[in-house]
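> Quick one: structure below, then a few questions.
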Amino acid sequence: MSSTSEQIAGEQTTGDQSSLREKIKKKIQQYDAGDRFSHIPLQKASILLPLLIKQDKLHLLLTVRSMKLKTMPGDVCFPGGRRESTDKDEIETALRETHEEIGLKPEQVEIIGRLVPYISKTPAYLITPVVAFVEDTFQACPDPDEVTEVFHVPLEFFLSSEHYTPLLLKAPYFGTNVIHSFNYNDPQMQKSFTIWGMTAHFALILSVMLLGKGPAFDTNFKLERRLAECEHALLSFYQSKL
């Protein structure tokens, strides 16, 4: 574990949120992809990875898609959606979609950076994850046509093997991969949520990145190697379209 990661993990028990936020920013900025992949010829979409500090621990905010939606109804996901012609970049798409879905205003968000995107299978989209801070006092006002539930999960949960199940799935340009699936029992809502696929992928990447250790269910997991594999898949797709 690097010294910076040790400080981030240890800071969660000190109550010094300002110091913790600064350390998180520096860590994310080390991996910030910026607009390096914006040129890839795919339809674009963005998601927001909202970080909250609750009881001196890092949490991720997640949503449950409405059963009224045509794609992935009832799935757990991050807020976000397709880019519109009026959006100037991936960040603006993530902010607009999140505001529409759960009422989070752009001025309530502090953007930290963008991570390596993901190519969805059907339909094919280049999905950019935008990491941001959200105040822990935020009260979601979900649009019932898009979102039925809003909840948050501690980052450390995604490194535990207790509620983890691996799935095998063939993805375009990534080959056959292990797809992560977590079953989270929310103590406040008294409900169980299945977090899998792309959502679990980004939750795991972010957890390893910020907590500075690998998941208990994969002792061979290396963050840099996994990010390099994702970049290779993206560039392979781009070259195939030239």
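The values are calculated or read from the model by the stated rules, or taken from the named source; none is laboratory data. A quick note: this is a predicted structure, and the numbers were derived from the prediction, not measured. All Cβ positions, even for glycine, are placed from backbone atoms using ideal geometry, and neighbour counts span all protein chains on display. Side chains are part of the model used for accessible areas, which takes the heavy atoms of the whole protein and leaves out ligands, DNA and RNA. Shrake-Rupley method; radii C 1.70, N 1.55, O 1.52, S 1.80 Å.
> At 7 Å along the Cα-to-beta-carbon direction for both S38 and L223, put a label point, then send me their distance in nm to one decimal.
2.5 nm
> Evaluate the relative contact order of the stretch 106-233 (contact order divided by residue number), counting alpha-carbon pairs under 8 angstrom at least 6 apart; express in whole percent. Write out the running numbers ahead of the final one.
Numbers: 155 pairs, mean separation 25.5, N = 128.
For the stretch 106-233, the relative contact order is 20 percent.
> Quickly estimate the mean residue ellipticity at 222 nm for the chain, helices only: each DSSP H run with n ≥ 4 gives -39500 (n - 2.57), and the total goes over all residues, rounded to 500.
Numbers: 5 runs with 70 residues, N = 242.
So the helix-based figure for the chain works out to -9500 deg cm²/dmol.
> For the stretch 91-163, calculate the relative contact order in percent as a whole number, restricting contacts to Cα pairs under 8 Å that are 6 or more residues apart. Can you show the working numbers first?
Details: 75 pairs, mean separation 21.6, N = 73.
The value is 30 percent.
> When we measure straight from the Cα of K27, which lysines land under 23 angstrom away, once same-chain ones fewer than 8 places off are left out?
Within the straight-line limit of under 23 Å, K27 reaches these lysines: K54, K57, K213, K222.
> Next question, about the same structure. If you count the DSSP beta bridges with both ends in the chain, what percent of them are antiparallel, to the nearest 5? Kindly include the intermediate steps, with their values, before the conclusion.
Details: 37 of 46 bridges.
Given both bridge residues lie in the chain, the antiparallel proportion sits at roughly 80 percent.
> Let me ask something else about it. With every protein chain present, what is the per residue accessible area of the stretch 109-242 (1.4 Å probe, Å²)?
48 Å²
> Could you give me the ³J(HN,Hα) list for the stretch 144-154, computed from phi with Karplus coefficients 6.51, -1.76, 1.60 and θ = phi - 60°, whole Hz, x at Gly and Pro?
x, 6, 10, 9, 9, 9, 10, 8, 9, 10, x
> I've got another one for you. Could you work out the relative contact order of the chain, using alpha carbon pairs under 8 angstrom and six or more residues apart, expressed as a whole percent? Display every interim value, and only then the final one.
Working: 442 pairs, mean separation 52.6, N = 242.
That works out to 22 percent.
> How about K121: which lysines have a C-alpha closer than 23 Å to its C-alpha, ignoring those fewer than 8 places off in the same chain?
Qualifying lysines at Cα under 23 Å: K44, K68, K70, K170, K241.
> Taking each full run of DSSP H in the chain as one helix, which ones are at least 15 Å long along their axis (Cα atoms) and have mean Kyte-Doolittle hydropathy of at least -1.0? Don't jump to the answer; show the numbers that get you there.
Working: long enough: 17-30 (20 Å, -1.64); 90-102 (18 Å, -0.92); 197-211 (21 Å, 1.93); 223-241 (28 Å, -0.47).
Span-like helices here: 90-102, 197-211, 223-241.
> Now, a different point. With Cβ to Cβ distances under 15 Å as the rule, what net charge do the other residues near D145 carry (K, R +1; D, E -1)?
Details: positive: R65, K68, K70; negative: E97, E100, E101, D143, E146, E149.
That works out to -3.
> Which percent of the accessible heavy-atom area of the chain goes to carbon and sulfur, probe 1.4 angstrom? Numbers along the way, then the final one.
On the way: 5870 of 11850 Å².
Here it works out to 50 percent.
> A further question follows. If one puts a single equal scatterer on every Cα of the stretch 101-242 and applies the Debye formula without solvent, what log₁₀ I(q)/I(0) results at q = 0.11, 0.14, 0.20 Å⁻¹?
Here log10 of I(q) over I(0) equals -0.49, -0.80, -1.48.
> Lys and Arg at +1, Asp and Glu at -1: add these up for the other residues within a Cβ distance under 13 Å of M198 and post the number. Show your work: numbers first, answer last.
Working: positive: R65, K121; negative: D75.
After counting each charged neighbour, the total is +1.
> How charged is the neighbourhood of F182? Take every other residue with its Cβ under 15 Å from the Cβ of F182, and add Lys/Arg as +1 and Asp/Glu as -1.
Details: positive: K191; negative: D75, E156, E162, D186, D218.
Taking every other residue near F182 into account, the sum is -4.
> Right, another one. First check a/c for the chain, with a ≥ b ≥ c the square roots of the eigenvalues of its C-alpha gyration tensor; if it is under 1.5, answer rounded, and if not, answer prolate when a/b is larger than b/c or oblate otherwise.
rounded
> Counting every Cα pair in the stretch 36-172, what percent are over 23 Å apart? Numbers along the way, then the final one.
Details: 3329 of 9316 pairs.
Across the stretch 36-172, Cα pairs with separations above 23 Å total 36 percent.
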